[in-house]
Amino acid sequence: MYNKIMVPLDGSELAECVLPHLEAFIKGFHTRDVNLVRVVEPDIPYHGDYPIDPIVLAKRESEMESIAKDYLDNIVNRLKYEGTELHAEVIVGRVMESLADYAMNNDIDLFIIATHGYSGVTRWVRGSVADKILRSANVPVLMVRAPGTKGEI
C-alpha cells in the first residue's frame, strides 16, 4: 500500500519528530523505499540594488547543498530497516514546488511531514509547507504535530 514514502526534513529536531511514525509505517506496511528529502532554496542574486557575484552565489549554494546532504546522510545512517532502502535527496528550488514535483516524478505513495503548529498571524505571514502539501498533494499526507507546539494545523 505505502511502498514509497517521502519525508521532507528541514534540518530541525522538530521536523524529525516524524521518524517514529515513519518506523511504524515501514514495519506495518513493509515499505520498500523511503526518500528523506531536504530542499535548499537558491540564494537571492541581489542585496538591495546590488548584484551578488555569481561565483559567491554558486559557492554558497554548494555549501548549503553539502550541509543538507551531510544532515540527511546522518539520518539515513541512524535509521536501519531490514527490507527498506533509505535515500537521501537534496533538491535546490522553492520548497513547495520542489516537493510537489519530486513526489510526482518519483511515484511517492505517502508524505509524512511535521507541522510546527503555527496559527493566526504567524501562519499567515510565514505560511505552512505542511498545509500547502496537504492541500496540493495527490497522495495521502500524514501530518505530525511536533511536540511542544500548539495552535491549529
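Estimated at 0.36 nm per residue, the fully extended path between GLU41 and LYS132 surpasses their Cα-Cα distance by 31.1 nm. Relative to the longest principal axis of the Cα atoms of the chain, the long axis of helix 95-105 lies at roughly 50 degrees.
A cut-off of 5 Å between modelled amide H atoms, ignoring neighbours fewer than 5 places along the same chain, links ILE52 with TYR46, HIS47. Spin-label model, MET96/TYR50: points 7 Å from Cα along the beta carbon direction are separated by 3.3 nm. Model label sites at LYS27 and ALA146, defined 7 Å from Cα along the beta-carbon direction, differ in position by 2.5 nm. Across the chain, C-alpha contacts under 8 Å between residues 6 or more apart give a mean separation that, scaled by the residue count, equals a relative contact order of 31 percent. Arranged from fewest to most other beta-carbon atoms within 10 Å of their beta carbon, LYS4, LYS69, LYS59, LYS80 become LYS80, LYS59, LYS69, LYS4. Couplings 3J(HN,Hα) of region 3-18, computed from phi: 7, 9, 10, 10, 10, x, 10, 10, x, 9, 4, 4, 5, 6, 5, 7 Hz, in residue order, whole Hz [Karplus 6.51 cos²θ - 1.76 cosθ + 1.60, θ = phi - 60°; x for Gly and Pro]. Helix 19-29 axis versus longest C-alpha principal axis of the chain: approximately 40°, rounded to the nearest ten. State the answer as a single residue: which of ASN3, PRO42, ALA100 lies farthest towards the positive end of the charge dipole of region 1-120, with beta carbon charges of +1 for Lys and Arg and -1 for Asp and Glu, about the Cα centre. It is ASN3, whose Cα lies furthest towards the positive end.
Every read-out reported here was derived from the displayed coordinates using simple, explicitly stated rules and does not represent laboratory data. This structure is a prediction, so every number in the text was calculated from the model and none was measured. Glycine gets a Cβ as well: all are built from the backbone with ideal geometry, and neighbour counts include every protein chain shown.
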